[in-house]
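The values are calculated or read from the model by the stated rules, or taken from the named source; none is laboratory data. All values reported here derive from a predicted model rather than from experimental measurement. FYI the Cβ positions are ideal-geometry reconstructions off the backbone, even for glycines, and counts take in every protein chain you see.
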Amino acid sequence: MNKGWNIRNGVQVVTDLSACRERELDFSLPIEVEGVPADSEVSCRNTLSLISYLEHQFGIETAPLLKTVGLELSIHHLKDPHKWLSCVDSLRVFELVRRLSTSRNPRQFKEVGRHAHRYQTLGAGVDALANLLPLRRVMWIASEYGRIFNNMQFTRSIRMSKGMIVLTNKYAQQFQTTTVIDLDWWALGIYTGFPERRDLPCANGVIDYSVFSLEHLLDREYSWLGVRDHGMRSEWTYHGLARRRWFVEGEEHAHEAILLRESLVPGISAIGEDLFHPVAKEMEDFTPQELTNLLEKRMATKVWLVTKPLVRSKEIVLERGEIYGAPYSRFTLKWQERSAWKGFVETVRHWRRRLAISAEALRTEIDAAKAESMHSNRERLASEKKSIIFQTYARHSLVERIDRGEDPRLDKPIRQDLAVLFSDLRDFTQLASQMSPEDTVAFLNSYFNRQNRPIYHHRGEIDKIMGDGMMAIFNDGKGMEPMAVRAVHAAIDIRLELQAYNRERWEWHIRHAEPGEEFPRIDNGIGVAFGPVVIGNIGSDHKLDYSLIGDVVNVASRLEGLTRYYGSGILVTEEVRNLLPDRFYVRFLDTIRVKGRDMPLRIHEVYDHEPVRVKNAKSKNQFLMEEAWNLYAAGMFSESRHIYEELIRTSGPHMLQSSKCMDPSLEFFLNRCWMMESRVQENPALLGHWIGIHGFDVK
């Protein structure tokens, strides 16, 4: 039997909306909808209610204003409740509401939805039933058939009683990337307005948790918040779990937490579908194995829990206890219903009008709407699939330009400032020699899947992958932190991801490796530079590479290669260091001259990713390190050596390699002092032109 959907690689793919048994869909899994044309994603009934709200609330003509937000459809189309438009065009109407409002806060859409509900029709059949049935049953019908007005949204009523209903809301994958949290507040406002149709006070509604990620919300909202000093940090719980925290101006406002299924929460009886309970648990409540098992069985999910309110200009942005990043949104609505007797009297009084349209009319309208929504647009679907494939092989900004109809082949080279990041595996040749070609490719794919996430999270782009290394770039962007800061954030997160990856590989190793088999721990180095580059098409008429060249690219590559000598994870240039806020752990290391570059280069080490013990030791020793380097630069190699020897003695052993010092750069400088002492003894004339700059001949 055709049930209208199937599961592919963990994704529920809806192949036939008209035949889809929506209540069988698992809201904890992603949903993808195939074959929905761009002009039949959202019914104009939703948009019509917003337009009517604007015209009545502000007393304006919306037709000319809609063009200011890029909506080219005629007002006659938008005011026809049987017409359809794309999800993107629907969001443009939401943008117009934001522009006309005094606030950019998404929370305003709860009140907007409640007022716009007065002008919204769910169809003649549903409107008729709304006058005959109990209010909770009306909300149930509206949630069950609400998708006929939005083919990318799935709403479901889970449980209801007199004066109360619990709803869940899920968006299709292809819509999720463009939606904003305004829609959750809008949907909540729509449902709170239902009681007003019975001349009752509006319902009290809350969002128990939202499907929208906190990062997505904050990236969009920072433009009006005016906050620049913010970011994510990772920490380890005492059980060894990795947990991220979100800071604004040095204060934590949210951290990762866990939602459990209601069936696992003591004292809760899961009536109907087993939802995630709206009270979050701290990650410290679980051992790594317990949490892994629960996540694999989808009995738990990671979310963002707001721990401190965020207020700007007296407007609440985030409230304590709010939850974001759930698999779906959950709404709870409560209202005061009339008594059974008053409800009966009201029904009898208006029975002629309320029975004018039968239930068959309702079914006819729903079937017609579903049939209209399923006009297939195979060319668009094929184009989207090609675009997704292309994005895998080329940078996203280039693909987006091509999708907009631009031709990057016609671009002239341009000069601009960029932050460039190079990352490369250490000793990969030796590691690859122990694996088959197939295992080598599988290992690299697994490694890059983890290492590339921080690049995209901090709004960078992978320019190219070169064997076991990669090059990423960071542009400036409105409402985002400076590009150099985001590049360093990405570098720190890459190192933290590497630590987590090594820990996972170690857990697999102790379970499956032969006794005595050595664990192949992996390491990498990262170089970050900032400055002018030339970006454009490089190649021939038959083969082009849209890339960048410049001294900054060479410097970042050289810094990545030098990390192995200093025993550092991340090296940055003086230009990058000057752009970093004080919250970063950074220290000056050396002044050097790299191969292919005559100008000396001051380099610094970023060590935010190091354990607390190492960070404290490096910070404590920073003054003596600089003093030792100044002595070295002045040609006083013996005095400099004594300081390095004392620092090595007090630092203790390395956490992973007991034969090495906790700070490997100390041993590097100590050996360099010994070398220079020996050379000066052989040829004292060297001091006559000594300027303290060490030259590296390697790439």
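For segment 159-175, filtering for residues that are touching a strand residue (DSSP E or B) at 6+ places or on another chain (Cβ under 6 Å) and buried (at least 20 other Cβ atoms within 10 Å of the Cβ) leaves 8.
Out of Arg587, Arg613, I need the residue that is loosely packed, with under 15 Cβ neighbours inside 10 Å and of a type in the set (D, E, K, R). Which one? From the options Arg587, Arg613, the qualifying one is Arg613. Only a single item in (1) basic (Lys, Arg); (2) under 25 Å from Asp551 (Cα atoms); (3) touching an Asp or Glu at 6+ places or on another chain (Cβ under 9 Å) is not met by Lys618, and it is number (2). When residues in segment 50-70 are screened for being crowded, with 20+ Cβ neighbours inside 10 Å and in contact with a Ser or Thr (Cβ under 8 Å, 6 or more places away or on another chain), 2 of them pass. If you filter segment 273-290 down to residues that are more than 28 Å from Met160 (Cβ to Cβ) and touching an Asp or Glu at 6+ places or on another chain (Cβ under 9 Å), you find that the one that is surrounded by the most Cβ atoms within 10 Å (Cβ to Cβ) is Met283.
Rundown of residues vs (1) in the same structural domain as Gly469 (by TED's automatic domain parsing); (2) hydroxyl-bearing (Ser, Thr, Tyr); (3) in contact with a Leu (Cβ under 6 Å, 6 or more places away or on another chain); (4) within 21 Å of His694 (Cα to Cα), yes/no style:
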| residue | (1), (2), (3), (4) |
| --- | --- |
| Tyr546 | yes, yes, yes, no |
| Asp551 | yes, no, no, yes |
| Arg558 | yes, no, no, yes |
| Thr563 | yes, yes, yes, yes |
| Gly567 | yes, no, no, yes |
| Thr573 | yes, yes, no, yes |
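Taken residue by residue, segment 446-453 has no member that is farther than 22 Å from Arg564 by Cα, part of a strand (DSSP E or B) and either in contact (Cβ under 8 Å) with a residue 12 or more places away in the chain or touching an Asp or Glu at 6+ places or on another chain (Cβ under 7 Å) (or both). Identification of strands (runs of 3 or more DSSP E) wholly contained in segment 261-339 with 1 or more residues that are in contact with a Phe, Trp or Tyr (Cβ under 6 Å, 6 or more places away or on another chain), over 21 Å from Ser213 (Cβ atoms) and modelled with pLDDT of 90 or more yields 329-334. Of the residues making up segment 510-533, those that are modelled with pLDDT under 85 and either among the small types (Gly, Ala, Ser) or touching a Phe, Trp or Tyr at 6+ places or on another chain (Cβ under 7 Å) (or both) are Ala513, Gly516, Phe519.
May I ask you to list the residues in segment 569-584 that are surrounded by 21 or more Cβ atoms within 10 Å (Cβ to Cβ) and either among the basic types (Lys, Arg) or within 18 Å of Phe530 (Cβ to Cβ) (or both)? Answer for segment 569-584, where residues must be surrounded by 21 or more Cβ atoms within 10 Å (Cβ to Cβ) and either among the basic types (Lys, Arg) or within 18 Å of Phe530 (Cβ to Cβ) (or both): Ile570, Leu571, Val572, Thr573, Val576, Arg577.
Just one of the numbered conditions (1) more than 24 Å from Ala500 (Cβ to Cβ); (2) in contact with a strand residue (DSSP E or B) (Cβ under 7 Å, 6 or more places away or on another chain); (3) hydrophobic (A, V, I, L, M, F, W, C) is not true of Leu647: (2). Residues in segment 231-259 that are over 13 Å from Leu218 (Cβ atoms) and among the β-branched types (Val, Ile, Thr): Thr237, Ile258. Looking at this structure, is Cys44 of a type outside the set (Phe, Trp, Tyr), in contact with a Lys or Arg (Cβ under 6 Å, 6 or more places away or on another chain), assigned by TED's automatic domain parsing to the domain that holds Gly193 and surrounded by 14 or more Cβ atoms within 10 Å (Cβ to Cβ)? Yes; evaluated as a whole, the condition is true for this residue. Is it fair to say Gly527 is of a type outside the set (A, V, I, L, M) and either under 22 Å from Pro581 (Cβ atoms) or surrounded by 14 or more Cβ atoms within 10 Å (Cβ to Cβ) (or both)? In short, yes.
Is it true that some residue in segment 534-543 is modelled with pLDDT of 90 or more and closer than 30 Å to Asp229 by Cβ? Looking through segment 534-543, none of the residues is modelled with pLDDT of 90 or more and closer than 30 Å to Asp229 by Cβ.
Restrict the check to segment 99-111 and report whether at least one residue is modelled with pLDDT of 75 or more, crowded, with 20+ Cβ neighbours inside 10 Å and in a helix (DSSP H, G or I). Taking every residue of segment 99-111 in turn, at least one turns out to be modelled with pLDDT of 75 or more, crowded, with 20+ Cβ neighbours inside 10 Å and in a helix (DSSP H, G or I).
Checking the stated criteria, Ser651 turns out to be touching a Leu at 6+ places or on another chain (Cβ under 7 Å), of a type in the set (S, T, N, Q) and at pLDDT below 85. Contact map, segment 649-669: first residue in a strand (DSSP E or B), second residue among the charged types (D, E, K, R), Cβ cut-off under 6 Å, separation 6 or more or different chains; pairs are Cys661/Glu667. Scanning segment 408-431 for residues that are acidic (Asp, Glu) and modelled with pLDDT of 80 or more returns Asp417, Asp424, Asp427.
On the given criteria, is Thr301 polar (S, T, N, Q), in the same structural domain as Glu319 (by TED's automatic domain parsing) and in contact with a strand residue (DSSP E or B) (Cβ under 7 Å, 6 or more places away or on another chain)? So Thr301 passes the test. Selection within segment 129-157: residues that are at pLDDT 75 or above and part of a loop (DSSP other than H, G, I, E, B). The member of this set that is farthest from Val88 (Cα to Cα) is Pro134. Of the residues in segment 593-601, at least one is in contact with a His (Cβ under 9 Å, 6 or more places away or on another chain), modelled with pLDDT under 90 and in the same structural domain as Asn502 (by TED's automatic domain parsing).
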